[in-house]
Structure formats: structure tokens, C-alpha cells
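The values are calculated or read from the model by the stated rules, or taken from the named source; none is laboratory data. In this text the structure is predicted, and so the values were computed from the model without any measurement. Note: ideal-geometry Cβ built from the backbone for every residue, glycine included; neighbour counts use all protein chains shown.
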Amino acid sequence: MPRKDWNSVTREAFEDLPIIIDKVSTSITYIGKAEYWTPTESEPKWRIQKWVKDGTITRNYMADGNDDYDNIWANRENLDYI
């Protein structure tokens, strides 16, 4: 079986998941991935990351410190990121 390149694996893994990217400033970006069939941004079915850029360093933080699909995208700026 031939090996798959990273891009094709990533596309397959997230092909059906709703993804939202919100670049709120030059240093802060939120990335939300929802469970399958999540119709709204106000349901607690989102896994949210916060990317913070400081100079040449970019750090990735997860809402609640985990990768569970239990956050509300509409509340992303008020969540705790660890």
C-alpha cells in the first residue's frame, strides 16, 4: 500500500468537519473544528485552538486545555486556553 502524503491525510481527516478560522489580529488567531452535523456556532460541539504569535514564536493553546468537542465557538474569546 503506497504511503499518503500529509496533505492528503489532512484533507481526508477533516473533509467533512466544519472549520472556522478567525484572525482577530496580527498576533491572535482562533481555529474551530466542529463535530459532524453541528449546525450553529452556539452549540457546545466545537474544539477550539488559539494561536498566539509573539515575534518569531507562535504558540498553540487549546480551549480548556484539551481537544474535546465541548466548547461554543461564539464564546471563543472568553474561554480559558491552556
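Computed values, structure above
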item	result
Pick from the range 19-50, criterion modelled with pLDDT of 95 or more, of a type in the set (Val, Ile, Thr) and not in a strand (DSSP E or B), ranking: nearest to the chain's Cα centre (by Cα)	Val24
Some residue of the range 57-67 being charged (D, E, K, R) and over 14 Å from Leu17 (Cβ atoms)	yes
Scan of the range 51-78 for residues that are assigned to a strand (DSSP E or B) and among the basic types (Lys, Arg), ordered by number	Lys53, Arg59
Asn71 vs. criteria buried (at least 18 other Cβ atoms within 10 Å of the Cβ), without any contact (Cβ under 8 Å) to a residue 60 or more places away in the chain and among the polar types (S, T, N, Q)	yes
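Table: residues versus (1) surrounded by 14 or more Cβ atoms within 10 Å (Cβ to Cβ); (2) at negative phi; (3) without any contact (Cβ under 8 Å) to a residue 12 or more places away in the chain.
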{"position": "Lys23", "(1), (2), (3)": "no, yes, yes"}
{"position": "Ser27", "(1), (2), (3)": "no, yes, no"}
{"position": "Tyr30", "(1), (2), (3)": "yes, yes, no"}
{"position": "Lys33", "(1), (2), (3)": "yes, yes, no"}
{"position": "Thr56", "(1), (2), (3)": "no, yes, yes"}
{"position": "Asp67", "(1), (2), (3)": "no, yes, no"}
